[in-house]
Amino acid sequence: MKVTLSKNSGFCPGVRRADTTVRELIASGTDTDIFTLGSLIHNRLYNEELERNGVRKVEVDELFDTIKAQNGRDTTLIVRTHGIPKELELYLDRLKTEYTNLHVLDMTCPYVKRIHKIAEDNTGDDTLFLLYCDPNHPEAIGILSYAHGEKFPFSSIEELKNLDVSGKTPILCSQTTQNLSEFKKIKNFLKKLYTNTIFFDTICNVTENRQNEAVEIAKASDLMVVIGGKESSNTHKLYDLCKQECPDTLWIESATELSSLDFSDSAKRAGITAGASTPDGIITEVFKTMENELDFKSMLEDSLKTLHTGETVTGTVVTIGKNEIKLDLGTKVTGVLPKEQITDDPTANLADMFKVGDEISVFVIQVKDSDGIARLSKKRVDADNSWIVLKNAFDNGEILEGKVTSVVKGGVIFTSGANTVFVPASQTGVAKGGDLNSLLGTAQKVKLLEFDETKKRAIGSIKSILVAEKKAAEEALWATLEVGKHYMGTVKNLVSYGAFVDIGGVDGMVHNTELSWKRIKHPSQVLSVGQVIDVFIKELDVEKKRISLGYKTQEMDSWFQFTQKFNVGDIVPAKIVSIMPFGAFAEVYEDVDGLIHISRISTQRINSPADVLSVGQVVDVKITEIDDENRKLALSIRAITEAAEKAAAAEKAAEEAAARAAEEAAEAERIAQERADMAPYIVGSI
């Protein structure tokens, strides 16, 4: 018989984390009494094993009396993976305050914790919290305690058909171990019924992968075996899903329940899957029994090499997860390579770094035959193999390139490949008292200042590289500087007498007199720090490393702009800006004023310019003189008036002449007509 074992069988990460914690606590030998708040996981055989190892279970209603009865003994209470209600969590905080000998280890699954936060942050009086769950399951009870406002736990889509939302916003979540396909149907149903529903996909992706794989195996099997505790919600869902695809599906807790079956007759193809709370040892025993051949464990031990803690071995990547990689080590155990043992970069994507089939050299941190796993480290191998890189860099004065991966007390950690270097705060290039977090995640170059091969410790400097690069850039720039050459510079600092401008690695000074054609009191009237401006070199002192910069140009000069646009004789609008006894000053262009002398204001005699003009008034003036050397303008209103009067007089004279000519023409025409009329009489008399 061919037996297919689901790769996603057994402990999920949350359960494995809880299992590892409690087993390490048991093995530590510390003098503490260990209790679990309810069953740590829903597996009878596992919990019985914990009890045999001295771990006692305590229910909520027994909690206070149990802790009190400890009478000051060191006590560790482990919170189960399903989580607990918020009220109970607050109660435990009070207990810890009252009984200082009590230590609480919260082993609530991170996926469950996420739903607690979703429920707490997204619900209120105007919402209806819908939870697809087993309402009596401890995970569901815990989740519901975090939701505000109205709550509605349900286990089937039928329960939603008479749902009364009453104008509230429905918020949909799911218990982490629910049926994924059923949850999708529920989402589609609510989308059609209540368009304002907010959905959160909270079925654990491990559960999703487990369910999908189990269904595929069940479809191809004559017999399907689901292993897990009878109280396990996720195992129940697995059983239901497999039963739909393979009618001969069994739900068992251990291999002893298979003793009455004859697999050779009943099935040719069999599949095995297991719930998230099923230990690897039980899965192995079931697989061994169903193989019905040589002892499975013995075969593995005979055919696979033995693995030892402290070894460096090569493994082949078989699966790539978000936070860990599993390796085939050619042994009886599966190699687990956590992300933190691969890289210090929390943003790194393992799927981008590796692919299935890659071979990786790893260091064996710990081997757990009972769990069938080996904890591995790639960083340890990389560090050992590449330590020589640091030594060579130190000996040869080479520059390392990498990234700042963390901020620690007194400095930062710089990572280059598998090498880590400590950079003291004084060597980071950040000003004293500045925020070192500004370097986090940035690419940097480091030069090693100290190297201790025996302690495997390296101290480096970012600042020395920055100083050297700045000096090199300055020298290169000084070699290209020329008087009259233009640069796009950045204003770095403003002082009372001018502005310091960075022109690409060196600073130059723009004096106030070079900032504007008009007089200014402070450079802030023209520039601001950080502004990018076009400057040119006026003077250059290479020996003293001084640069005098110019900023104002002829094109920026209002007088120059005016003289390019206007000429003597032009008539322009002008704004009266001041009135003096001898005349009025008027602005004819931005920052360009001209004088209208009192004699040039009116054709009539006036005693004062104020008699006919006022400040702010806009009048038309004629440019009568442009003194380019002294930047002075002479303007006249009278010239315009006189020209208008002359034009009017000429027009009147022309009109009068035209009238006289018309009269004379009419008289001539009259006389001619009279003569024409008398002509016949004159001829007859002759």
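Each reported figure results from applying straightforward, stated rules to the coordinates on display, with no laboratory input. Here the structure is a predicted model, which is why all the values come from computation and not from measurement. All Cβ positions, glycine included, derive from the backbone under ideal geometry; neighbour counts span all protein chains shown.
Pairs to check: K463/K544; K151/K191; K379/K432; K192/K237. Give those whose C-alpha atoms are more than 21 Å from each other in this structure. The pairs that break the limit, which is 21 Å between Cα atoms, are K463/K544; K379/K432; K192/K237. Between R44 and T347, the contour length at 0.36 nm per residue exceeds the Cα-Cα span by 105.2 nm. Taking only the alpha-carbon positions of the range 378-473 and ignoring solvent, what does the Debye formula give for the base-10 log of I(q)/I(0) at q = 0.11, 0.19 Å⁻¹? Relative scattering, expressed as log10 I(q)/I(0), comes to -0.30, -0.87. Across every direction, the projection of the convex hull enclosing the Cα atoms of the range 12-109 has a mean area of 6.0 nm².
Taken one residue at a time, the phi angles of the range 536-551 give Karplus couplings (6.51, -1.76, 1.60, θ = phi - 60°) of 9, 7, 8, 9, 9, 10, 5, 5, 8, 6, 10, 10, 9, 10, x, 10 Hz. Gly and Pro are set to x. For D106, nonlocal amide neighbours, meaning residues 5 or more places apart or on other chains whose placed amide H falls under 5 Å from its own, are V79.
How large is the Rg to Rh ratio of the range 312-381 when both quantities use alpha carbon positions and Rh follows Kirkwood? Reported Rg/Rh (Cα atoms, Kirkwood Rh): 0.94. Electrostatic tally near A274: other residues with Cβ closer than 10 Å to its Cβ, Lys and Arg +1, Asp and Glu -1, net 0.
Under 27 Å of direct C-alpha separation, and excluding same-chain neighbours fewer than eight residues apart, K622 reaches these lysines: K518, K565, K575, K632, K646, K652. For the range 111-203, the spherically averaged projection of the C-alpha convex hull amounts to 5.1 nm².
In the range 573-656, which GluC sites (Glu not before Pro) fall in coil by DSSP and have 11 or fewer other Cβ atoms within 10 Å? Passing both the DSSP loop test and the Cβ count: E590, E629. Here, P(r) means the percent of Cα pairs in each 20 Å bin from 0 to the largest distance; for the chain it is 12, 26, 21, 16, 13, 7, 3, 1, 0.
Go ahead and run the numbers for FRET between K96 and A27, Cβ-Cβ distance against an R0 of 25 Å, rounding to 0.05. The partial results should precede the final answer.
Numbers: r = 25 Å, r/R0 = 0.98.
So, using R0 = 25 Å, E works out to roughly 0.50.
Rg of the Cα atoms in the range 72-160, relative to 2.2 N^0.38 Å, amounts to 1.26. Full extension of the chain between A643 and A69 gives 195.0 nm of extra length, using 0.36 nm per residue less the Cα-Cα distance.
Fewest to most neighbouring Cβ within 10 Å: what's the order for K326, K545? Intermediate results must be reported in sequence, preceding the final value.
Numbers: K326 20, K545 11.
By the 10 Å Cβ count, ascending: K545, K326.
Model label points for K455 and R660, set 7 angstrom from Cα along the Cα-to-Cβ axis, are 12.0 nm apart.
If only the Cβ of Lys and Arg carry +1 and only the Cβ of Asp and Glu carry -1, the dipole of the range 304-401 around its Cα centre is close to 440 debye.
With a threshold of 23 Å on the Cα-Cα distance, the over-threshold entries among K219/K368; K185/K355; K184/K268; K113/K219; K113/K403; K391/K445 are K219/K368; K185/K355; K184/K268; K113/K219; K113/K403. Here the dipole of the chain is about 1160 debye; that uses its Cα centre as origin and unit charges on the Cβ of Lys and Arg (positive) and Asp and Glu (negative).
Stretching the chain fully between K652 and R670 yields a gain of 3.8 nm (0.36 nm per residue, less the alpha carbon separation). Extents of the range 480-556, largest first, come to 31, 25, 20 Å (Cα atoms, principal axes, whole angstrom). Once divided by 2.2 N^0.38 Å, the Cα radius of gyration of the range 501-659 becomes 1.53.
Taking amide H as placed 1.01 Å from N in the peptide plane, the amide H of L128 sits under 5 Å from that of T169, I171, each at least 5 places away or on another chain. In straight-distance terms, cross-link reach from K447 covers every one of the aspartates and glutamates whose alpha-carbon lies under 14 Å from its own, apart from those fewer than eight places away in the same chain; here that gives D395, E398, E401, E469.
For a label point 7 angstrom out from the Cα of K2 toward its Cβ, which stretches of the range 213-227 have the backbone nitrogen within less than 20 Å? Only 213-226 fall inside the zone, counting backbone N under 20 Å.
Peptides 149-159, 89-99, 224-234 ordered by packing proxy, namely the average of other Cβ atoms within 10 Å per residue, highest first: 224-234, 149-159, 89-99.
Can you bin the range 575-676 into rounded, prolate or oblate? Criterion: square roots of the alpha carbon gyration tensor eigenvalues sorted a ≥ b ≥ c, rounded for a/c under 1.5, prolate for a/b above b/c, oblate for the rest.
Details: a/c = 4.86, a/b = 3.36, b/c = 1.45.
Prolate.
Selection among T66, I533, N630 by position relative to the dipole of the chain gives T66 as farthest towards the positive end (Cβ unit charges, Cα centre).
Starting from the Kirkwood radius over alpha-carbon pairs of the range 618-686, derive D by Stokes-Einstein at 37 °C in a medium of 0.692 mPa s and give it in µm² s⁻¹. Working shown, then result.
Numbers: Rh = 17.3 Å.
Approximately 190 µm²/s, per Stokes-Einstein.
Between K409 and E474, the FRET efficiency from the beta-carbon distance, with R0 = 35 Å, is close to 0.55. Per-residue Karplus couplings for the range 83-89, computed as 6.51 cos²θ - 1.76 cosθ + 1.60 with θ equal to phi - 60°, are listed in order as x, 9, x, 4, 4, 5, 5 Hz, Gly and Pro entered as x.
In this calculation the C-beta distance from E159 to N212 is compared with R0 = 25 Å, giving a FRET efficiency of 0.45.
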